[in-house]
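Have a look at the structure below before the remarks.
The values are calculated or read from the model by the stated rules, or taken from the named source; none is laboratory data. Fair warning: this is a prediction, and the values are worked out from it, not measured in the lab. As a convention, Cβ positions derive from the backbone with ideal geometry for all residues, glycine included, and neighbour counts pool all protein chains shown. Heads up: the accessible areas ignore ligands, DNA and RNA and are worked out on the full protein's heavy atoms, side chains in. Shrake-Rupley method; radii C 1.70, N 1.55, O 1.52, S 1.80 Å.
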Amino acid sequence: MKYWDPKIETMNRKEMQALQFKRLKKSVKTVYRNVPFYKRKFDEVGVKPEDIRSLSDVSKLPHTLKTDFTDNYPFGMFSVPMDDIIRIHSSSGTTGKPKVVGYTKGDIETWGNLLARNFTMVGLSRKDIFQNSVNYGLFTGGLGIHNGIETLGATAIPAGTGNTLRQLEMMVDFGVTALHCTPSYALYLAETAVDNNLVGKLKLKTGCLGAEPWSENMRKTIEDMLEIKAYDSYGLSEMFGPGIAFECPCQDGMHIWDDHFLVEVLDKNGDQVSVGEKGELVLTSLTKEGLINIRYRTGDITRLLEPECECGRCSTRVSRMIGRADDMIIVRGINVFPTQVQDVISKIPEVTNQFQIVLTRNAKNLDEMTVQVELEKDAFTDDLIKLEKIQQRVINELMNVLSIRTGVDLLEFGSIERTGGKAKRVIDNRAPL
Ligand code: ADP
Ligand code: K
Ligand code: ZN
């Protein structure tokens, strides 16, 4: 089976827009009636639900921000009474206070189907044995993905994180064919599998990797080491969790399902970018019940792509996430995304894909940026001249891409902590000016 929802996945633009409009009106009406926060915001700009007379009228509506979640912590953004909320999750808190989200029975079902649609898109079915190697607490990637696997009808293995060798043994013993985890953890699993000669014993064919930014080169490394296909999976707690945008077998950008989300990619002035351009992903939920989001600014930076895809699906498409606006660091006035550093080092064979950026301020109050990278095991040597050469190469290539001079520390293989969660890439030790 190629499609989970053939009718929706290949629906023509006009029909889809009619469906979106119907759902948008309903969502807007509901938040205006049920959520005091939205009523206040709409009233402030003088817009009423009746003013939404076409899909493009969405631009009349105010944006919702991450801070609106913290200001209305914990349940103030919910659009139904607590009686109807059957589950709570929260964001990982990578940036700031966690955002609390709630789901109705219908939401859990919708989310499960959304994930099953994405899993089907990458060729998974009820025949697969699917290991979920992320934390099963409040993080949406645990129970969320689990529900998706069960909705698809594949066999779910709730492995959680930690004990990596044991996880690999389980994968061998159970004949695991599909894996969900963060790309950084997939890389660690791959390293451990290679070290223990387990790759040949694995039946793994598909990795659904997400929850943090990763690069094309990192994908190639993971695919080569584990002999699998690895697909980018994007999501955020505020919009259900994982499954919001997902790669198809073309591995060239992600599909976002228009029947569930109204997608905008906005430039700095708040205008929709044209195809190929970069902007912030802004989403309006169309089918959510417990927590409806109107023009939510995700903070994630992406590029808008042509909707036509070789796989035959007609949804809106975006590129992999370039980074998040609040991940961007400013070093001596220059904007740096950790993903740029990842891109650079992943092309240098002597160092691993693991890295950390350490920011300090020197005696003259200028920013200093040091990138700590790890030597690959087989690149290790006592020859200082060889090491210096590697170091210089990393410095030069970072300089080419970032346009600033960075320090580079070469660390021994394994020095940078591998976690099952999101990797911590930036350590900012700069004292406030
Ligand atoms: P937090 O913002 O606290 O990390 P979540 O756990 O809800 O909260 O994570 C959602 C965020 O994770 C997204 O907004 C995005 O920045 C990042 N993210 C998720 N999936 C991907 C992906 N495939 N590529 C890049 N970033 C991702
Ligand atoms: K309840
Ligand atoms: Zn496609």
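Side notes on the structure shown:
- Fraction of accessible area attributable to carbon and sulfur, the chain (%, probe 1.4 Å): 51
- Theoretical ellipticity at 222 nm over the chain - DSSP helices of four or more residues, -39500 (n - 2.57) apiece, nearest 500: -9500 deg cm²/dmol
- At 1.002 mPa s and 20 °C, Stokes D of the chain from Kirkwood alpha-carbon radius, µm² per second: 94
- Gain on full extension, evaluated as 0.36 nm per residue between SER274 and THR381 minus their Cα-Cα distance, stands at 33.6 nm.
- Residues in the range 1-324 average 41 Å² of solvent-accessible surface per residue, probe 1.4 Å, ligands and nucleic acids excluded.
- Projecting the Cα atoms of ASN269, ALA211, HIS255 onto the charge dipole of the range 1-324 (Cβ charges, centred on the Cα centre) puts ASN269 farthest toward the positive pole.
- Entry note, the chain: relative contact order of 14 percent, from Cα contacts under 8 Å with a spacing of 6+ residues.
- Each DSSP beta bridge with both residues in the chain is either parallel or antiparallel, and the antiparallel ones are about 65%.
- 0 to 90° range, to nearest 10: angle between helix 140-152 axis and the chain longest Cα axis: 70
- Unit charges at the beta carbon, dipole of the chain: most positive-side option, MET11, SER315, ALA186: MET11
- The distance separating the Cα centre of the range 296-363 from that of the range 20-66 comes to 31 Å.
- The range 54-179 - charge dipole about Cα centre, Lys and Arg +1 at Cβ, Asp and Glu -1, debye rounded to 20: 180
- Based on protein heavy atoms only, the range 338-433 ends up with 55 Å² per residue of surface accessible to a 1.4 Å probe.
- Too-long pairs where the Cα-Cα distance tops 31 Å, listed order kept, from LYS377/LYS424; LYS205/LYS424; LYS22/LYS97: LYS22/LYS97
- Long-range amide H partners of GLU374 with built H, under 5 Å: THR352, GLN354, LEU411
- Full-extension gain in nm, LYS389 to SER59, via 0.36 nm per residue minus C-alpha separation: 113.5 nm
- Angle in degrees between helix 36-45 and the longest Cα principal axis of the chain, rounded to the nearest 10: 80
- Potential extension, MET399-ILE86 segment - 0.36 nm per residue separation minus Cα distance: 107.6 nm
- For the chain, a simple Cβ point-charge model (Lys and Arg +1, Asp and Glu -1, everything else neutral) yields a dipole of about 1240 debye relative to the Cα centre.
- Degrees, to the nearest 10: 13-34 long Cα axis against longest axis of the chain: 80
- Each Cα pair under 8 Å and six or more residues apart adds its separation to the average, and for the range 328-428 the resulting relative contact order is 31 percent.
- Binned Cα-Cα distances of the range 1-61, short to long, each 5 Å bin given as a whole percent: 3, 17, 23, 17, 12, 10, 9, 5, 2, 0
- Net charge dipole, the range 97-166: roughly 140 debye, given to the nearest 20, about the Cα centre with Cβ charges of +1 for Lys and Arg and -1 for Asp and Glu.
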